[in-house]
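J.: Below is a structure I'd like to ask you about.
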Amino acid sequence: MTFSCGTAEEIANALAASGLILRGGFGFGDDEVAPVGPSGALARSVLLVGQAGAAPWPHFQRWLGRQAKDIANPLDSWSREVIGGVAKEFGARAVSPSDRPYLPFQQWAMRAEGLKPSPLGILMHPRYGLWHAYRGALLFEDEISVPEAHEAIHLCDTCVEKPCLKSCPVGAYSVDGFAHQACLAHVRGTNGAPCRAGGCLDRNACPYGAEYRYPSDVQAFHMAAFAGVRILPDRTET
């Protein structure tokens, strides 16, 4: 069975109700080791689900306001709930980047959208810059007709100044990789207030996709989750 464009549009519309979008997809080859689908048979196709900018944030905040205050990994839980509901509606299996054993989400994303990693490790999108994310995927046991992905323009190749490697006070990102412990110590320390309040300075220095940049409260939420500090947004319904 091949899903029609109308069905793909219905899936996209169901996700849009929570601010999420389809991020491309592909079919698994006969020689690939594919994950299993909803019935336990091998999946034939996958659709990536994610976001561009902070569109899901109001939906997530309303959901968060109804949860216990000590809920663990709230954004992951919300994403699982939303994508799981869509999966049930359309006969798919929902999977998450945090599922174990880990699934190759970054490889899937590069294959589905033709993207490449930035110096920060985040995939660079020609429209969204670094301000996008993948929240899950839908696995189908049928073939899905999706547009073939072509290699996207990799903006990092034409960026001469590389401000994303020059803005961190402790040089956490470099051509040698990510200095995780140095970043963590800085964010948690006395001088890390700008990072805690407004997000990664290196990421914010990137000039691309600025119109999709996450608001400061969204960036503070993600930084709190990364550093294990209490900087959560107001739990009010908006």
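The values are calculated or read from the model by the stated rules, or taken from the named source; none is laboratory data. Keep in mind the model is a prediction, meaning the values are calculated, not measured. Quick reminder, even Gly has a Cβ in these numbers, built from the backbone with ideal geometry, and neighbours come from all protein chains shown.
Listed here are the residues, each with its yes/no results for (1) among the hydroxyl-bearing types (Ser, Thr, Tyr); (2) closer than 18 Å to ALA210 by Cα; (3) crowded, with 21+ Cβ neighbours inside 10 Å.
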{"site": "LEU120", "(1), (2), (3)": "no, yes, no"}
{"site": "PRO126", "(1), (2), (3)": "no, yes, no"}
{"site": "ARG135", "(1), (2), (3)": "no, no, yes"}
{"site": "PRO147", "(1), (2), (3)": "no, no, no"}
{"site": "ILE153", "(1), (2), (3)": "no, yes, no"}
{"site": "GLU161", "(1), (2), (3)": "no, yes, no"}
{"site": "VAL175", "(1), (2), (3)": "no, no, no"}
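J.: Being farther than 21 Å from MET223 by Cα, buried (at least 17 other Cβ atoms within 10 Å of the Cβ) and in contact (Cβ under 8 Å) with a residue 24 or more places away in the chain narrows it down to one of ALA92, ALA41, so name that one.
T.: Among ALA92, ALA41, only ALA92 is farther than 21 Å from MET223 by Cα, buried (at least 17 other Cβ atoms within 10 Å of the Cβ) and in contact (Cβ under 8 Å) with a residue 24 or more places away in the chain.
J.: Could you check ALA182 against (1) in contact (Cβ under 8 Å) with a residue 12 or more places away in the chain; (2) more than 21 Å from the chain's Cα centre (by Cα); (3) within 14 Å of LEU120 (Cα to Cα) and say which number it fails?
T.: Condition (3) is where ALA182 drops out.
J.: If I filter segment 119-142 for residues that are assigned to a loop (DSSP other than H, G, I, E, B), without any contact (Cβ under 8 Å) to a residue 60 or more places away in the chain and within 15 Å of the chain's Cα centre (by Cα), do I get at least one hit?
T.: yes
J.: When you scan segment 177-203, how many residues do you find that are under 22 Å from TYR214 (Cα atoms) and not in a helix (DSSP H, G or I)?
T.: Residues that pass the stated criteria total 3.
J.: Among the residues of segment 82-98, is there at least one that is in contact with a His (Cβ under 9 Å, 6 or more places away or on another chain) and under 18 Å from LEU20 (Cα atoms)?
T.: Scanning segment 82-98 turns up at least one residue that is in contact with a His (Cβ under 9 Å, 6 or more places away or on another chain) and under 18 Å from LEU20 (Cα atoms).
J.: Let me ask you something else. Name the single residue that is surrounded by the fewest Cβ atoms within 10 Å (Cβ to Cβ) among those in segment 44-73 being in contact (Cβ under 8 Å) with a residue 12 or more places away in the chain and closer than 17 Å to SER98 by Cα.
T.: Among those residues, the one meeting the criterion is ASN73.
J.: Next up: Being over 16 Å from the mean Cα position of the chain (by Cα) and small (Gly, Ala, Ser) is the filter here, so list the residues in segment 201-219 that pass it.
T.: Passing the criteria: ALA205, ALA210, SER216.
J.: Please return the ranges of helices (runs of 4 or more DSSP H) entirely within segment 1-105 where 2 or more residues are under 14 Å from the mean Cα position of the chain (by Cα) and at pLDDT below 95.
T.: It comes to none.
J.: Ok, one more. Applying the selection to segment 185-200, what residues are surrounded by fewer than 17 Cβ atoms within 10 Å (Cβ to Cβ) and within 19 Å of the chain's Cα centre (by Cα)?
T.: GLY198, the sole residue that qualifies.
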